[in-house]
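**Q** Got a structure here, written out as structure tokens. Questions coming.
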Amino acid sequence: DEISLREHLKIENDGKLKDLTEYGRKIIKIFHLNNDLLVKYREKLYTTISNLYVNSYDNYLKWMGFPEDLPDLSKQKPPLGNDKPEGIKKSYFELKKRGKLDLDY
């Protein structure tokens, strides 16, 4: 099964991960995601990306935007077949084609 970490974790401005659920708390604890090194790294990234967003949106999109050449997954043929063809409709390629893809992640 797929799990969206967005439902369980949030990155604070200071680089710390905040748990939003019990599952998120366990993930942080098991993988030591709030150790000093990781927190400082995430804080630097957050500050840099925030500054790009405010001061140089074009450069922000170079880092955080979707690539122009998104792959068309409907043309891929997995060896054992596609057991989740409904996922193609949710792909970034299809969302972009329908004009429903955001500019950034």
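The values are calculated or read from the model by the stated rules, or taken from the named source; none is laboratory data. Computed from a predicted model, the values in this text were never measured in an experiment. Cβ: placed from backbone, ideal geometry, glycine included. Neighbour counts: every protein chain shown. When the accessible area is computed, the model is the full protein with side chains, heavy atoms only, and any ligands, DNA or RNA have been set aside. Shrake-Rupley method; radii C 1.70, N 1.55, O 1.52, S 1.80 Å.
**Q** Based on this model, can you work out whether K100 counts as part of a loop (DSSP other than H, G, I, E, B), under 30 Å from L45 (Cα atoms) and among the basic types (K, R)?
**A** Yes; evaluated as a whole, the condition is true for this residue.
**Q** Of all residues in segment 1-10, which are assigned to a loop (DSSP other than H, G, I, E, B) and open to solvent by 100 Å² or more (accessible area, probe 1.4 Å)?
**A** The answer is D1, E2.
**Q** Further question on the same structure: Being aromatic (F, W, Y) and surrounded by 15 or more Cβ atoms within 10 Å (Cβ to Cβ) is the filter; apply it to segment 35-59 and report the residue that is farthest from the chain's Cα centre (by Cα).
**A** Filtering first and then ranking leaves Y53.
**Q** From the list E68, E86, E94, exactly one residue is surrounded by fewer than 13 Cβ atoms within 10 Å (Cβ to Cβ) and farther than 27 Å from T47 by Cα. Which is it? Give the derivation first.
**A** Numbers: E68 fails: farther than 27 Å from T47 by Cα; E94 fails: surrounded by fewer than 13 Cβ atoms within 10 Å (Cβ to Cβ).
Testing whether each residue is surrounded by fewer than 13 Cβ atoms within 10 Å (Cβ to Cβ) and farther than 27 Å from T47 by Cα leaves just E86.
**Q** Condition (residue is at pLDDT 95 or above, surrounded by 15 or more Cβ atoms within 10 Å (Cβ to Cβ) and polar (S, T, N, Q)) applied to segment 27-34: is it met by at least one residue?
**A** Yes, segment 27-34 has at least one match.
**Q** Follow-up. So the check is Cβ under 6 Å with 6+ separation or different chains; which pairs have a first residue in segment 67-91 that's under 23 Å from D102 (Cα atoms) and a second one that's part of a loop (DSSP other than H, G, I, E, B)?
**A** Pairs that qualify, where the first residue is under 23 Å from D102 (Cα atoms) and the partner is part of a loop (DSSP other than H, G, I, E, B), are L73/S91.
**Q** Further question on the same structure: Would you check which residues across segment 12-43 are out of contact with any Leu (no Cβ under 6 Å at 6 or more places or on another chain), hydrophobic (A, V, I, L, M, F, W, C) and in contact (Cβ under 8 Å) with a residue 12 or more places away in the chain and list them?
**A** Once the filter is applied, which keeps residues that are out of contact with any Leu (no Cβ under 6 Å at 6 or more places or on another chain), hydrophobic (A, V, I, L, M, F, W, C) and in contact (Cβ under 8 Å) with a residue 12 or more places away in the chain, segment 12-43 yields L20, I27, L38, V39.
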